[in-house]
Amino acid sequence: RQPNMSTQRRKLREPKGNRMSGEMPEQKDKPKSDLLVRASTTMVMIVAFLVLVYFGQVPAVVLVALCQVQMFREILRIGNVERKERKISGFGALPWYFLTITMFFFYWRALRRPLIKTFPYLEDLLKHYTFAFFCFYVIGFMSFVTSLRPK
(Lines give C-alpha, C1' and ligand atoms only; values in the text may rest on other atoms or scores of the structure.)
Protein backbone atom coordinates (compact mmCIF):
# COMPACT_ATOMS: atom_id res chain seq x y z
CA ARG A 1 0.00 0.00 0.00
CA GLN A 2 1.35 3.44 -0.96
CA PRO A 3 1.16 6.31 1.53
CA ASN A 4 -0.81 9.32 0.41
CA MET A 5 0.90 12.64 -0.47
CA SER A 6 -0.03 14.44 2.76
CA THR A 7 1.67 11.71 4.83
CA GLN A 8 4.82 11.99 2.72
CA ARG A 9 4.88 15.80 3.09
CA ARG A 10 4.39 15.53 6.85
CA LYS A 11 7.32 13.11 7.07
CA LEU A 12 9.51 15.51 5.11
CA ARG A 13 8.66 18.42 7.41
CA GLU A 14 9.13 16.51 10.67
CA PRO A 15 12.74 16.25 11.85
CA LYS A 16 13.92 12.69 12.54
CA GLY A 17 16.13 13.51 15.51
CA ASN A 18 15.69 12.96 19.20
CA ARG A 19 13.56 15.92 20.23
CA MET A 20 14.30 15.58 23.93
CA SER A 21 18.08 15.77 23.57
CA GLY A 22 17.98 18.37 20.83
CA GLU A 23 19.82 16.20 18.33
CA MET A 24 18.84 16.88 14.75
CA PRO A 25 19.97 14.96 11.69
CA GLU A 26 22.22 16.65 9.17
CA GLN A 27 20.37 17.98 6.18
CA LYS A 28 22.06 17.24 2.88
CA ASP A 29 20.61 20.23 1.01
CA LYS A 30 21.41 22.73 3.77
CA PRO A 31 25.06 23.42 2.74
CA LYS A 32 24.03 23.97 -0.88
CA SER A 33 21.29 26.43 0.06
CA ASP A 34 23.63 28.20 2.54
CA LEU A 35 26.26 28.53 -0.17
CA LEU A 36 23.71 29.91 -2.60
CA VAL A 37 22.41 32.45 -0.07
CA ARG A 38 25.93 33.54 0.89
CA ALA A 39 27.09 33.83 -2.71
CA SER A 40 24.07 35.87 -3.77
CA THR A 41 24.35 38.13 -0.71
CA THR A 42 28.04 38.63 -1.41
CA MET A 43 27.33 39.62 -5.00
CA VAL A 44 24.63 42.08 -3.90
CA MET A 45 27.03 43.64 -1.38
CA ILE A 46 29.84 43.93 -3.96
CA VAL A 47 27.52 45.58 -6.48
CA ALA A 48 26.15 47.94 -3.81
CA PHE A 49 29.69 48.88 -2.79
CA LEU A 50 30.71 49.56 -6.41
CA VAL A 51 27.60 51.68 -6.97
CA LEU A 52 28.39 53.59 -3.78
CA VAL A 53 31.97 54.20 -4.93
CA TYR A 54 30.71 55.29 -8.35
CA PHE A 55 28.44 57.94 -6.82
CA GLY A 56 31.29 59.45 -4.83
CA GLN A 57 32.30 60.53 -1.40
CA VAL A 58 29.11 62.03 -0.04
CA PRO A 59 26.90 58.89 -0.28
CA ALA A 60 29.67 56.83 1.33
CA VAL A 61 29.87 59.26 4.22
CA VAL A 62 26.08 59.19 4.59
CA LEU A 63 26.14 55.39 4.74
CA VAL A 64 28.88 55.41 7.40
CA ALA A 65 26.96 58.03 9.39
CA LEU A 66 23.80 55.91 9.28
CA CYS A 67 25.76 52.89 10.50
CA GLN A 68 27.22 54.96 13.34
CA VAL A 69 23.81 56.20 14.41
CA GLN A 70 22.37 52.67 14.39
CA MET A 71 25.28 51.33 16.48
CA PHE A 72 24.96 54.24 18.91
CA ARG A 73 21.23 53.60 19.21
CA GLU A 74 21.86 49.95 20.10
CA ILE A 75 24.45 50.92 22.71
CA LEU A 76 22.02 53.37 24.29
CA ARG A 77 19.31 50.74 24.27
CA ILE A 78 21.57 48.49 26.34
CA GLY A 79 22.24 51.28 28.85
CA ASN A 80 18.58 52.27 28.97
CA VAL A 81 17.76 49.64 31.60
CA GLU A 82 20.28 51.04 34.08
CA ARG A 83 19.14 54.59 33.35
CA LYS A 84 15.59 53.66 34.31
CA GLU A 85 16.74 51.87 37.47
CA ARG A 86 18.82 54.84 38.65
CA LYS A 87 16.25 57.37 37.42
CA ILE A 88 18.87 59.46 35.63
CA SER A 89 17.21 62.46 34.01
CA GLY A 90 18.41 63.95 30.76
CA PHE A 91 20.46 60.90 29.91
CA GLY A 92 18.36 60.27 26.82
CA ALA A 93 19.04 63.60 25.12
CA LEU A 94 22.65 64.31 26.12
CA PRO A 95 24.32 61.36 24.39
CA TRP A 96 22.44 62.16 21.19
CA TYR A 97 23.51 65.79 21.51
CA PHE A 98 27.18 64.82 21.86
CA LEU A 99 26.93 62.29 19.02
CA THR A 100 25.41 64.93 16.73
CA ILE A 101 28.03 67.55 17.59
CA THR A 102 30.89 65.07 17.17
CA MET A 103 29.57 63.78 13.85
CA PHE A 104 29.05 67.28 12.50
CA PHE A 105 32.57 68.27 13.57
CA PHE A 106 34.33 65.32 11.95
CA TYR A 107 32.15 65.17 8.84
CA TRP A 108 32.50 68.90 8.32
CA ARG A 109 36.27 68.44 8.36
CA ALA A 110 36.02 65.59 5.83
CA LEU A 111 33.48 67.21 3.53
CA ARG A 112 34.51 70.85 3.84
CA ARG A 113 36.16 71.18 0.42
CA PRO A 114 33.44 69.42 -1.62
CA LEU A 115 30.71 71.37 0.18
CA ILE A 116 32.45 74.72 -0.28
CA LYS A 117 32.91 73.96 -3.99
CA THR A 118 29.21 73.25 -4.24
CA PHE A 119 28.02 76.01 -1.89
CA PRO A 120 30.63 78.83 -1.86
CA TYR A 121 28.65 80.99 0.59
CA LEU A 122 29.36 78.43 3.36
CA GLU A 123 33.03 79.41 3.46
CA ASP A 124 32.42 82.81 5.07
CA LEU A 125 29.65 81.47 7.28
CA LEU A 126 31.71 78.66 8.81
CA LYS A 127 35.20 80.14 8.80
CA HIS A 128 35.62 79.56 12.54
CA TYR A 129 33.79 76.25 12.86
CA THR A 130 36.25 74.81 15.43
CA PHE A 131 35.38 77.55 17.90
CA ALA A 132 31.67 77.04 17.26
CA PHE A 133 31.94 73.30 17.94
CA PHE A 134 34.00 73.98 21.07
CA CYS A 135 31.17 76.21 22.29
CA PHE A 136 28.66 73.43 21.54
CA TYR A 137 30.76 70.97 23.58
CA VAL A 138 30.93 73.40 26.49
CA ILE A 139 27.15 73.89 26.35
CA GLY A 140 26.69 70.11 26.40
CA PHE A 141 29.08 69.67 29.30
CA MET A 142 27.35 72.44 31.25
CA SER A 143 23.94 70.87 30.63
CA PHE A 144 25.30 67.52 31.85
CA VAL A 145 26.65 69.07 35.04
CA THR A 146 23.41 70.92 35.72
CA SER A 147 21.43 67.69 35.21
CA LEU A 148 23.31 65.98 38.06
CA ARG A 149 21.33 65.65 41.26
CA PRO A 150 22.73 64.93 44.74
CA LYS A 151 21.59 61.72 46.41
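The values are calculated or read from the model by the stated rules, or taken from the named source; none is laboratory data. Not measured: the values here are computed from a predicted model. Positions of Cβ are backbone-derived with ideal geometry, glycine not excepted, and every protein chain shown enters the neighbour counts. Surface accessibility is based on the protein's heavy atoms, side chains included, excluding ligands, DNA and RNA. Shrake-Rupley method; radii C 1.70, N 1.55, O 1.52, S 1.80 Å.
Could you work out the Kirkwood radius for segment 56-148, taking every pair of different alpha carbons, averaging 1/r and inverting it, reported in Å?
15.3 Å
Distance in nm between label sites at R149 and F98, each 7 Å beyond Cα in the beta-carbon direction?
Label at R149, label at F98, 2.0 nm between them.
Where Lys and Arg each count +1 and Asp and Glu each count -1, what net charge lies around L76 among other residues with Cβ under 14 Å from its Cβ?
Once positives and negatives cancel, what remains is +2.
Could you please state how large a percent of the accessible area of segment 56-148 is carbon and sulfur, counting protein chains only and using a 1.4 Å probe?
Reported share for carbon and sulfur atoms: 72 percent.
If R0 is 22 Å, what FRET efficiency do you get for T42 and R73 from their C-beta distance, rounded to 0.05?
Calculated value: 0.25.
Per residue, how many Å² of accessible area does segment 56-148 show with a 1.4 Å probe?
76 Å²
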